[in-house]
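Let me begin by presenting the structure, written as structure tokens, before commenting on it.
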Amino acid sequence: MDKIQNQTRPVFPFTAIVGQEEMKLALILNVIDPKIGGVMIMGDRGTGKSTTIRAIADLLPEIEVVTDDMFNSHVSDYDLMSDFTKQQIEDSVSISTHFIKVPMVDLPLGATEDRLCGTIDIEKALNEGIKTFEPGLLAKANRGILYVDEVNLLDDHLVDILLDSAASGWNTVEREGISVRHPSRFVLVGSGNPEEGELRPQLLDRFGMHAEIRTVRDPSMRVQIVEQRTKFDQDPYACIEEFKEQQNSLKSSIIFAQSKLTSVMIDYDLKVKISQICGLLDVDGLRGDIVTNRAAKAFAAYQNKDEVDIQDVKTVITLCLRHRLRKDPLDTIDSGTKVKQVVNDILG
């Protein structure tokens with residue numbers, strides 16, 4: 001109990017969040033397999049988007065990082081290691097490590113490219129021949145979660161940089177012929193309110209999943225949400241203690257799913273059906289097929305299954321395809337409903 005009280009600021013427990021199952025599932029699957037490609041959460045104001053994202057970051061187990069490294073480098077995985085750490089390993093320097101909470105980085109709306117990517121001190125490089133790099137938010141977010149609220153209001157150029165780093169796992173900064181690159185593998189979470197404008201289709205397509213959240217209309221559920229929040233505000237530590245068991249259980253399920261992920265199989269016929277659905281929905285490119293396969297495997301691993309079944313695909317496919325459909329201004333049905341119709345026709 002003392003350990004909890006030493007934390008700087010208590011975070012609302014993930015398992016205490018009432019409703020918004022679609023958003024919670026999308027976040028859990030991205031944490032199990034970050035290669036799904038992040039999640040875009042679109043919905044009404046005041047529906048707990050930020051609370052849920054902070055809660056999932058707080059829930060995750062601590063990660064081991066190399067001490068004195070600016071990029072949260074992994075001690076043995078080359079893909080998550082900076083060039084500085086690789087050099088130390090090659091030179092047989094003994095490396096010390098310590099554990100930190102999973103980084104949760106907020107990108108402010110007014111952020112500049114330098115704040116995001118980091119800067120190279122050109123003067124020092126030219127005068128003293130020393131390559132000095134001041135890390136940006138992409139460096140801090142390596143192996144963590146990068147959250148962009150109001151992503152639809154962010155400059156398209158910055159969204160592009162974010163998506164490129166999230167996809168490649170690396171960030172490269174070049175100034176006056178001097179180049180620095182570092183690992184930047186994170187789960188990208190964007191949120192926004194559709195009333196304030198949509199993201200451009202080519203940027204939207206780069207997000208792995210798209211969760212839609214609506215204000216809860218059911219009165220008894222609304223009361224439950226308000227009571228839960230009031231209880232937390234009055235005594236956060238008692239609330240954290242109350243949900244401790246559920247938090248630990250979910251954490252264990254996520255860790256287990258992460259380790260099981262590589263062994264989960266997906267049948268060839270099921271892959272064909274996924275691609276058939278993407279074809280019938282006229283989804284551009286193959287990203288929809290790839291993400292649906294990945295998400296279905298992550299969901300199967302989360303449920304401790306060895307093989308993906310039809311139900312797993314049905315659970316995740318709307319999240320993976322809803323934002324990839326071509327917008328028809330004359331369409332009267334919602335894109336999620338359209339996906340479900342085709343899925344039911346093909347998968348039964």
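The values are calculated or read from the model by the stated rules, or taken from the named source; none is laboratory data. Quick caveat, the model's predicted, so the values are computed rather than measured. Methodologically, a virtual Cβ is constructed for each residue, glycine included, from the backbone with ideal geometry; neighbour enumeration extends over all protein chains shown.
Observations, loosely collected:
- Filter result (out of contact with any strand residue (DSSP E or B) (no Cβ under 9 Å at 6 or more places or on another chain) and part of a helix (DSSP H, G or I)) within segment 132-157: 156, 157
- Annotation: of all residues in segment 132-158 being touching a Lys or Arg at 6+ places or on another chain (Cβ under 8 Å) and charged (D, E, K, R), the one that is surrounded by the fewest Cβ atoms within 10 Å (Cβ to Cβ) is 156.
- Among the residues of segment 190-242, the ones that are farther than 16 Å from residue 163 by Cα and part of a helix (DSSP H, G or I) come to 26 in all.
- Residue 91 on the phi < 0 side of the Ramachandran plot, in contact with a strand residue (DSSP E or B) (Cβ under 8 Å, 6 or more places away or on another chain), outside the structural domain of residue 44 (by TED's automatic domain parsing) and loosely packed, with under 13 Cβ neighbours inside 10 Å: no
- Cβ-Cβ under 8 Å pairs, at least 6 apart or on other chains, segment 234-247 side not assigned by TED's automatic domain parsing to the domain that holds residue 17, far side assigned to a helix (DSSP H, G or I) and among the aromatic types (Phe, Trp, Tyr): 239/232; 247/14
- Unique residue being at pLDDT 85 or above, closer than 30 Å to residue 249 by Cα and assigned to a loop (DSSP other than H, G, I, E, B) when the list is 74, 98: 74
- Residues (closer than 21 Å to residue 298 by Cβ and of a type in the set (Val, Ile, Thr)) located in segment 217-268: 254, 255, 262, 264, 266
- Each residue in segment 220-233 was checked for being under 30 Å from residue 323 (Cα atoms) and free of Cβ contacts under 8 Å to residues at least 60 places away in the same chain, and 1 pass.
- Remark: residue 81 falls outside the filter, which requires a residue to be surrounded by 21 or more Cβ atoms within 10 Å (Cβ to Cβ), touching a residue at least 12 places away in the same chain (Cβ under 8 Å) and touching an Asp or Glu at 6+ places or on another chain (Cβ under 7 Å).
- Qualifying residue in segment 74-81 (condition: in contact with a Phe, Trp or Tyr (Cβ under 9 Å, 6 or more places away or on another chain), hydrophobic (A, V, I, L, M, F, W, C) and under 22 Å from residue 167 (Cα atoms)): yes
- Residues in segment 44-71 that are in contact with a Pro (Cβ under 8 Å, 6 or more places away or on another chain) and not in a helix (DSSP H, G or I) were compared, and the one that is nearest to residue 247 (Cα to Cα) is 71.
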